[in-house]
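What follows is a single structure, written as structure tokens, with notes after it.
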Amino acid sequence: FLQCQKDPPTVNLPDDVAKEIVKRKGIIGINFLQAFLNDKKEDAIFDQINYGIDLVGENALCFGADYFYTAHHPDQSRRPFFYPAQADAACYPAIIEKLSEQISPAALKNIAFQNALNFILRSLKQA
């Protein structure tokens with residue numbers, strides 16, 4: 001998602017594509033993969049969330065960790081895939097707690113679950 005805090009910065013979802021997703025009523029998942037965030041800064045996920053809010057607003061973002069089995073992944077250079085503090089879904093309460101210090105309660109509710117729920121409900125109505 002959005003801008004990676006590497007040196008030099010890389011983008012796995014360019015700003016114009018993110019804006020087009022929102023224009024089409026899509027939703028953007030917050031990426032938890034260390035390789036897409038920052039290899040040396042464990043709390044880069046918060047930079048990514050705030051960047052996303054600034055770029056597309058709080059109503060277009062949701063958690064999108066995409067946790068997957070990594071023990072036998074063929075590219076061992078990518079291990080660990082996730083920072084220990086973000087290694088599985090048990091991290092959500094801590095992330096939500098820290099985000100509560102940075103964004104409004106309404107924005108936190110939207111990113112934590114409401115935006116994903118709204119997207120699912122819209123998609124079901126269209127089906």
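The values are calculated or read from the model by the stated rules, or taken from the named source; none is laboratory data. Just so we're clear, the structure is a prediction, and the values are computed from it rather than from any experiment. Ligands, DNA and RNA are excluded from the accessible area calculation, which covers all protein heavy atoms including side chains. Shrake-Rupley method; radii C 1.70, N 1.55, O 1.52, S 1.80 Å.
From the alpha carbon centroid of segment 89-127 to that of segment 41-63 is 12 Å.
For the chain: lysine pairs with Cα atoms under 15 Å, gap of 8 or more or different chains, count? Walk me through the numbers before you get to the answer.
On the way: Lys6/Lys40; Lys6/Lys41; Lys25/Lys125; Lys98/Lys109.
So the count works out to 4.
How big is the Rg/Rh ratio for the chain, C-alpha atoms only, Rh by Kirkwood, two decimals? Present the calculation step by step, with values, prior to reporting the outcome.
Values: Rg = 14.8 Å, Rh = 15.3 Å.
Expressed as Rg/Rh, it is 0.97.
Taking amide H atoms as placed 1.01 Å from N in the peptide plane, the amide H of Leu61 lies under 5 Å from those of Ile28, each 5 or more residues away in sequence or on another chain. Here the accessible area of the chain is 56 percent carbon and sulfur, with a 1.4 angstrom probe and all protein chains present.
Send over a whole-number figure in Å² for the accessible area per residue of the chain, probe 1.4 Å.
Numbers: 7540 Å² over 127 residues.
The answer is 59 Å² per residue.
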